[in-house]
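Here is the structure we will look at.
The numbers here are math on the coordinates, done by the rules we state, and not lab data. A quick note: this is a predicted structure, and the numbers were derived from the prediction, not measured. Neighbour counts are summed over all protein chains in view; Cβ atoms, including those assigned to glycine, are modelled from backbone coordinates with ideal geometry.
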Amino acid sequence: MTRYDAVVIGAGQAGPSVAFSQAAQGRRVAIVEMAEPGGTCLNHGCRPTKALRASAVVAHSARRAADFGVHVGEVRVDFGQAIGRVHTLIDGMRAGLQQAIDEAENLDYVHGRARLVGDPTGAEHRVVVTADDGSEQELTTSEVYLNVGNRASIPPIDGLEHVPYLTEVELLALSELPEHLIIVGGGYIGLEFGQMFRRFGSEVTIVAGGGIAAREDPDVQQILTDLFTDEGVRIVEGRPSRVSGDTSGVSVEVPEVGTITGSHLLIATGRRSNSDQLGPDTGLETDAHGFVLTDDRFATNVPGVWALGDVNGRGAFTHTSYQDGDIYLHPPRTVAGRVTTYAMFTDPPLGRVGMGLQEARESGRRVLKAEIPMASVSRAKLESETTGVMRVLVDADTEEFLGATILGLQADDVVQVIGVAMQAGVRYPIVRDALPIHPTVSEFFPTILAALTPLD
């Protein structure tokens, strides 16, 4: 048994910053990680997928090169080289984080699966860590910081347990390009991978019960549907009733269309909390999806235990997880009132913050809408990237921004203009009257905000 002043469970985006800060104060700290340091983002989330996306974007651009007067000949994708580039980049980033942990004074790195045992209401918490070889060690502490994240949620499809299906973890471990990738799930993960692998040369079928991007505004959903269809992705609106197959291939039965056969099956139907991996007697209060409930400073109902990052359900993004740690380390800051801006990294990307059309209509407010098709944006026309739309919603009475949906060139960056304005409480006339740079995408905020109309 080893005692620490603090034990951080999970080396994702929030955990290391808390551990480093505690250790720098001279406290003895342990950081426990059951997989690899860096969490979902670094190992099989944001960073590797965006590195792989870069290769897919280059391939797509090369195929369009003649449109710009550039002739490159036949475009051939070496998937092994593309995924090798990803692994090289991520291995280097992970090694850098591991080195920082190893070299930090007063900080011990413990590899293994942690669970909380004993009386959760006691002043001392017991953390039992099981290593890969089955050996165990017990850590005791008065402070526990949970940064255990989440994982793929696997739907109850008949036969799925007997099929070698993939999640994003296994998909990124492939060394050869799938001949036909079937994706169950039309959300952000499914769409990002679907477009990438189609551009690499795979046949891709996306099975989505409510259509792709079902949570987005209808026009955005249609733009994405048309975009993916034009690129050769087959979209099936339906829900799988049964799957079968082995390492040689897989069959997915969809009552609405029949049986779809492919070489690989990716399950991308959402995420679930990893709180269940902490043991059965944690005493932690969770919601219906297993996410740990916290106050605005991330304290759980168990004294001396805090939950940071994806596991607390306050955002399933790297930037929310990282900011959780930053907020905790800088009191009296709290998470209350945080405006979460996020993106889907298709090509072109989708940037989102605040309300969409339906939520705005149901809000009871007098809402004004400003929008313009991306085909009218000078920068988009100059770069022949005219797919998409820019839309901003504001409150007619308070003049505050209510939300923005931007699908198109640089939308992942551009939407942050509205996100920052919302966080700062800036009224829309301030943005309308600002002087933007030409030619950029964000220069059209003043233009469209000068032509607001009531939301029908």
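Values as computed for the structure displayed
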quantity: Segment Thr2-Glu359, length gained on full extension (0.36 nm per residue, minus Cα span); calculated: 123.4 nm
quantity: Approximate spin-label separation Arg27-Thr259, in nm, with each point projected 7 Å along Cα-to-Cβ; calculated: 5.9
quantity: Ranked packing of 9-17, 224-232, 53-61, most packed first, by mean Cβ within 10 Å; calculated: 9-17, 53-61, 224-232
quantity: Rounded to 10°, Cα long-axis angle of helix 188-200 versus longest principal axis of the chain; calculated: 60
quantity: Relative contact order (%) - the chain, alpha-carbon pairs under 8 angstrom, separation at least six; calculated: 13
quantity: Highest average packing first - 436-446, 183-193, Cβ atoms within 10 Å; calculated: 183-193, 436-446
quantity: Derived scalar couplings ³J(HN,Hα) [the range 178-186; Karplus, 6.51 cos²θ - 1.76 cosθ + 1.60; whole Hz; x for Gly, Pro]; calculated: x, 6, 9, 9, 9, 10, 9, x, x
quantity: Highest to lowest packing among 387-393, 79-85, scored as the average C-beta count within 10 Å; calculated: 387-393, 79-85
quantity: Cα-based helix-to-principal-axis angle, 79-103 vs the chain, degrees rounded to 10; calculated: 40
quantity: Helix axis angle, 46-63 relative to the chain longest principal axis, alpha carbon, degrees; calculated: 20
quantity: Descending principal axes extents, the range 1-125, alpha-carbon based, whole Å; calculated: 70, 27, 21
quantity: Ile430/Leu97 FRET efficiency (R0 45 Å; Cβ-Cβ; nearest 0.05); calculated: 0.70
quantity: Calculated SAXS-style log₁₀ I(q)/I(0) at q = 0.14 Å⁻¹ - the range 160-269, Debye, Cα scatterers; calculated: -0.49
quantity: Spin-label zone in the range 16-30 - amide nitrogen under 20 Å from a point set 7 Å from the Cα of His330 along the C-beta vector; calculated: 16-25
quantity: Whole-number percent relative contact order across the range 125-252, with pairs defined as alpha carbons under 8 Å at least 6 apart; calculated: 23
quantity: Under Karplus coefficients 6.51, -1.76 and 1.60, residue-wise ³J(HN,Hα) of the range 450-456 in Hz, glycine/proline x; calculated: 7, 10, 5, 10, x, 6, 7
quantity: Alpha-carbon Rg/Rh ratio, for the chain, with Rh computed the Kirkwood way; calculated: 0.99
quantity: In Hz, Karplus ³J(HN,Hα) per residue of the range 408-416 (6.51, -1.76, 1.60; θ = phi - 60°; x = Gly, Pro); calculated: x, 3, 6, 4, 5, 8, 4, 4, 5
quantity: Pairwise centroid distance, computed over Cα atoms, of the range 388-422 with the range 185-232, Å; calculated: 23
